[in-house]
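Student: Have a look at this one before I ask anything.
Readers should treat all values here as calculations from the given coordinates under stated rules, not as data from a laboratory. None of these values were measured; they are calculated from a predicted model. Cβ atoms come from the backbone with ideal geometry, glycine included; neighbour counts cover every protein chain shown.
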There are 2 protein chains.
Amino acid sequence: MELFWEKGFHATSMQDLVSHLGINRASLYDTYGGKEALFDKAFAYYKKTSGAWLEELFQGEASVKQGFQKLFETAIQEAVSDNCRKGCFVVNTTTEMVPGSDKMQHSLMVHKAQIEKLFVGYVQKGLNSGEITSSKSAEELGLMLYTLYNGIRVVSKVDVNPKKLQMVVDAGLSILG
Amino acid sequence: MELFWEKGFHATSMQDLVSHLGINRASLYDTYGGKEALFDKAFAYYKKTSGAWLEELFQGEASVKQGFQKLFETAIQEAVSDNCRKGCFVVNTTTEMVPGSDKMQHSLMVHKAQIEKLFVGYVQKGLNSGEITSSKSAEELGLMLYTLYNGIRVVSKVDVNPKKLQMVVDAGLSILG
DNA sequence: GGCATACTGGAATAGTTGTTCCAAATTTAC
DNA sequence: GTAAATTTGGAACAACTATTCCAGTATGCC
């Protein structure tokens, strides 16, 4: 649900959701069980679809550098075209729900490990093929790019200047060598 | 107020603040005016003290690389020792209040510009002294490091592994050359 | 046509919310 | 000791909150 993504869990009321979805509150409770369960489902869906998209991007682009470039450019484009600046649902949920929900924190840790694995594996592929010439390990490079990606999703909420964001991306990707 | 920092604006009630501060609710309203005004004051205080600390760090450390190393190491140490994982008040507020508050978004933009200026100026100092040998501009490098810093404050809420965080920092700082 | 299922708008529950008011108590200044 | 200022705990206000209940309506199936 875009409302949870845009406003977060606490600032979104069930009444907001009812108005936004256009269905009855009793049906909502029958179908989903409650506010927290509804949020969990929306969040799980987001994680699943964004993870699948990332996997597909990394598998579809043989050039690792191009792949990362595409990833970051997509993040910039999303930021630019997102009028309401909702950013990344995962990043938003990380800052809102940690601390406060051990269950959510655990869920985020599992998701983070999964995405990091994708990043590190993709960098390893570039090192193996010789496309990446850095002397650093795949883990170091992959984790750095993952962290930078998170950072971009935060700063682009405040300042959507594509030129500046592209500068950051170019500088960041330069560590690949 | 640490409660706003830890739980955010929406998840913190006036009742929470009254219990936490141990003063009467009427006094709170007399002194601060209201929940939003109270949040604004706490946030302004945080921005002021963290900005001053950063300025002091950059002015006190002649070696720019050492300065950045110290900055990131402090962020890691804060993450490690912060049991309740409240992260960075500015990053938390960015993700919670944007969108939703134009006033807050403006305030964040101003603050971001100030901190970026500190980062870029410090990198410029390193380039001028020859300590930094990268062919990239101070702006590119400074903005990258600033964005990475934001990213670290997010990911360290989920996973406080100092070794991994240090890897990220080392990889990130390697762009300075 | 009858029955089961699902959805509806309204009402209700119990509690919380931000904020204001008030008489009483405490503190401060002289 | 006294007056003024400040703070206090309780109460109140109006609205909102998550959640449940209900009679009526619509839909699908046999």
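Student: Counting partner chain Cβ atoms within 10 Å of every residue's Cβ in B:106-117, what's the average?
Tutor: Partner-chain Cβ atoms within 10 Å, mean over residues of B:106-117: 2.
Student: Restricting to DSSP H runs of at least four residues, report the calculated mean residue ellipticity at 222 nm for the protein assembly as shown, -39500 (n - 2.57) per run over all residues, nearest 500 deg cm²/dmol.
Tutor: -25000 deg cm²/dmol
Student: Let me know the charge dipole size of region A:43-176 about its Cα centre in debye, to the nearest 20, where only the beta-carbon of Lys, Arg (+1) and Asp, Glu (-1) is charged.
Tutor: With Lys and Arg at +1 and Asp and Glu at -1, about 200 debye.
Student: Let me ask something else. Between the alpha-carbon centers of region A:132-159 and region B:142-163, tell me the distance in whole angstrom.
Tutor: Region A:132-159 and region B:142-163 have Cα centres spaced 9 Å from each other.
Student: Another one. Figure the gain on full extension for B:GLN166 and B:LYS35 (residue separation times 0.36 nm, minus the Cα-Cα span) and round it to one decimal in nm.
Tutor: Result: 43.4 nm gained on full extension.
Student: Still on this structure, please answer the following. Give me the one-decimal nm value for the distance between modelled label points at A:ALA113 and B:HIS106, 7 Å along each residue's Cα-to-Cβ direction.
Tutor: Going by the 7 Å Cα→Cβ label model, 4.6 nm.
Student: Could I ask something else about it? How large is the charge dipole for the protein assembly as shown, taken about the Cα centre, if only the Cβ atoms of Lys, Arg (+1) and Asp, Glu (-1) carry charge, to the nearest 20 debye?
Tutor: For the protein assembly as shown, the charge dipole is close to 60 debye.
Student: Next question. Assume the label is 7 Å from Cα along Cα to beta carbon: what separations in nm does A:LYS70 have to the matching positions in the other copies?
Tutor: Ordered by distance, the counterparts are at 4.4 nm.
Student: Could I ask something else about it? Compute the label-point distances linking A:ASN24 to its equivalents in the other copies; points lie 7 Å from Cα along Cα→Cβ; give nm, one decimal, shortest first.
Tutor: Distances to the matching label points in the other copies: 4.9 nm.
Student: Give, as a single signed number, the net charge of other residues whose beta carbon lies under 12 Å from the beta carbon of A:LYS7, with Lys and Arg counted +1 and Asp and Glu -1.
Tutor: With Lys, Arg at +1 and Asp, Glu at -1, the net is -3.
Student: I need the GluC sites (Glu not before Pro) found in region A:55-103, filtered to DSSP loop residues with at most 16 other beta carbons within 10 Å of theirs.
Tutor: In loop regions of region A:55-103 (DSSP not H, G, I, E or B), the sparsely surrounded GluC sites (Glu not before Pro) are A:GLU61.
Student: Another question about this same structure. Place +1 on the Cβ of every Lys and Arg and -1 on the Cβ of every Asp and Glu in chain A, take the dipole about the Cα centre, and give the residue among A:SER156, A:HIS106, A:PHE39 whose Cα lies farthest towards its positive end.
Tutor: A:SER156
Student: With +1 assigned to the C-beta of every Lys and Arg and -1 to the C-beta of every Asp and Glu, and no other charges, what is the dipole magnitude of region B:15-81 about the Cα centre in debye, to the nearest 20?
Tutor: Value, rounded to 20: 60 debye.
Student: Could you tally the net charge around A:TYR29, taking each other residue with its Cβ under 14 Å from the Cβ of A:TYR29, Lys/Arg +1 and Asp/Glu -1?
Tutor: Neighbour charge sum, excluding A:TYR29 itself: +1.
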